[in-house]
Amino acid sequence: MLNLYYIASSGLQTGQQALSVIGNNLANATNPNYSRQNIILGAAGGRVTATGFIGNGVRVEGVARAFDEYANERVRGTETLLRASGAHYDKMSALDLEFSRTDNGIDTKLNSLFNALKDISKVPTNGNYRSSAFTALKELTGRFNKLSDELIKQEQKNNQDIRQSVNVINQLTGQLASLNREISNRQSIDGGGAYDLLDRRDALLQALSQQTGINTQIDSRTGAVNVTLSNGHMLVSGDKANALEVTTDNNNPGRQVIAYRDAENAIIPLQDSLLDKGVLGGLLAFRNQDGVVE
């Protein structure tokens, strides 16, 4: 009789815990940074009797976080390429808008100048024709100067966006380093189950991959993640983060260079070609390939 009571009680208790897990999943259904959790049930043992083995009911063996690190890496790899293309496209769209204007564009000013010169060729002594040609030339020059000013502004804005992207990267790596410390502490206390922190970690990794290309390695013992740039430079190692910096090119004071500050506090300039992913990669591609103003 007592065994029947224990079996019924174990079923009710595990059912209650299962409902709690399901309820938590439903509550976070619209949370994009939440990984679904599954309850793991197992037999609660039993005993051998004269008539055979009799079980003692069911027990909860744990709660598992439903995630696939390989799939996460693939998503981050796709996201970083998409963000690079998006940032490059946005900058090129603004540039194309200036060059493709039909109301007051360069082609309109050139046509006006050619027409004025054509009139002069017919009647060289006509003062009105010559005055019209000088006016058209002046307007064309003004349009070129205005376009040059716009290109300089776009280059300055692109440099600001590069610095902003680097700042975001440093903020995210600092948060990841702090989170690694929290995850390791949680793991050492209860041996696992830091699922809320792991969800936050994955969200930070996703955000970081949007800014630049990264590689990750997760310590299965502590749950901490080490993060490197695509070129192998360590951004996050345990609870330590190495920062990126925006410095000035020694050969061209007007040009910004991305540099890496290592664990020994040495500043290492990075080649732009190695930072070709994420928002930062798209901004550098625009500067180096399309938006250079000499």
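The values are calculated or read from the model by the stated rules, or taken from the named source; none is laboratory data. Worth saying up front: this structure is predicted, and the values here are computed from it rather than measured. Note that we place each Cβ from the backbone using ideal geometry, even for glycine, and neighbour counts take in every protein chain shown. For accessibility, only protein heavy atoms count, side chains too; no ligands or nucleic acids. Shrake-Rupley method; radii C 1.70, N 1.55, O 1.52, S 1.80 Å.
Accessible surface for R36 stands near 130 Å², nearest 10, in the context of the full protein assembly shown (1.4 Å probe).
For V257, the residues whose amide H sits under 5 Å from its own are T247, T248, D249, ignoring neighbours fewer than 5 places away on the same chain, with H placed 1.01 Å from N. Of G62, T14, G42, which is farthest towards the positive pole of the chain's charge dipole, taken about the Cα centre with +1 and -1 on the beta-carbons of Lys, Arg and Asp, Glu respectively? It is T14, whose Cα lies furthest towards the positive end.
Under 5 Å from the amide H of L41 lie the amide H atoms of E61, each residue being 5 or more positions distant or on a separate chain, with H modelled from the backbone and absent for Pro and chain starts. Which residue, A27, V246, S85, has the largest displacement toward the positive end of the dipole of the chain when charges sit on each Cβ (Lys, Arg +1; Asp, Glu -1)? Farthest along the dipole direction, towards plus: A27. Taking every lysine pair in the chain that is 8 or more places apart or spans two chains, those with Cα atoms closer than 14 Å amount to 5.
All C-alpha to C-alpha distances of the chain, sorted into 5 Å bins beginning at zero, yield P(r) values of 1, 5, 9, 10, 10, 9, 8, 7, 7, 6, 5, 5, 4, 3, 3, 2, 2, 1, 1, 1, 1, 0, 0, 0, 0, 0 percent in whole numbers.
Principal-axis analysis of the Cα atoms of the chain puts helix 127-190 at an angle of about 20° to the longest axis.
Looking at the chain, the accessible area is 59 square angstrom per residue; that uses a 1.4 Å probe and ignores ligands, DNA and RNA.
The convex hull defined by the C-alpha atoms of region 192-242 has an orientation-averaged projected area of 3.5 nm².
Contact order, relative form, for region 100-240: 18 percent (alpha carbon pairs under 8 Å, 6 or more residues apart, mean separation divided by residue count).
Note on region 134-224: semi-axes of the ellipsoid equivalent to its C-alpha gyration tensor, largest first and rounded to whole Å, are 52, 9, 8. Surface composition of the chain: carbon and sulfur atoms hold 53% of the protein heavy-atom accessible area at a 1.4 Å probe. GNM remark for the chain: springs join alpha carbons under 10 Å apart, and the peak mean-square fluctuation among Q17, Q164, Q154 falls on Q17. Mean silhouette area of region 90-243, derived from the convex hull of its C-alpha atoms and averaged over all directions, reads 12.4 nm². The angle between the Cα long axis of helix 2-27 and the main principal axis of the chain comes to about 10°, on a 0 to 90 degree scale. Mean separation of Cα pairs under 8 Å and 6 or more residues apart, divided by the residue count, gives the chain a relative contact order of 18 percent.
So how much accessible area does D196 have, in Å² to the nearest 10, using a 1.4 Å probe? Near enough 80 Å² of accessible area.
At a threshold of 8 angstrom on Cα-Cα distance, excluding pairs fewer than six apart, so keeping six or more, what relative contact order does region 1-65 reach in percent? Normalised by residue count, the contact order of region 1-65 is 36 percent. For the set E182, E61, the ranking by accessible area, highest first and with no ligand, DNA or RNA atoms included, is E61, E182 under a 1.4 Å probe.
What the Cα convex hull of region 1-58 gives, in volume per residue, is 64 Å³. Based on DSSP H segments of at least four residues, each scored -39500 (n - 2.57), the chain has a per-residue ellipticity at 222 nm of -20000 deg cm²/dmol.
Evaluate Rg over Rh across region 12-116, taking Cα atoms for both radii and Kirkwood's formula for Rh. Rounded to two decimals, Rg/Rh equals 1.55.
In degrees, nearest 10, range 0 to 90: what is the angle between the Cα axis of helix 69-99 and the longest Cα principal axis of the chain? Between the helix axis and the principal axis of the chain, the angle is about 20 degrees.
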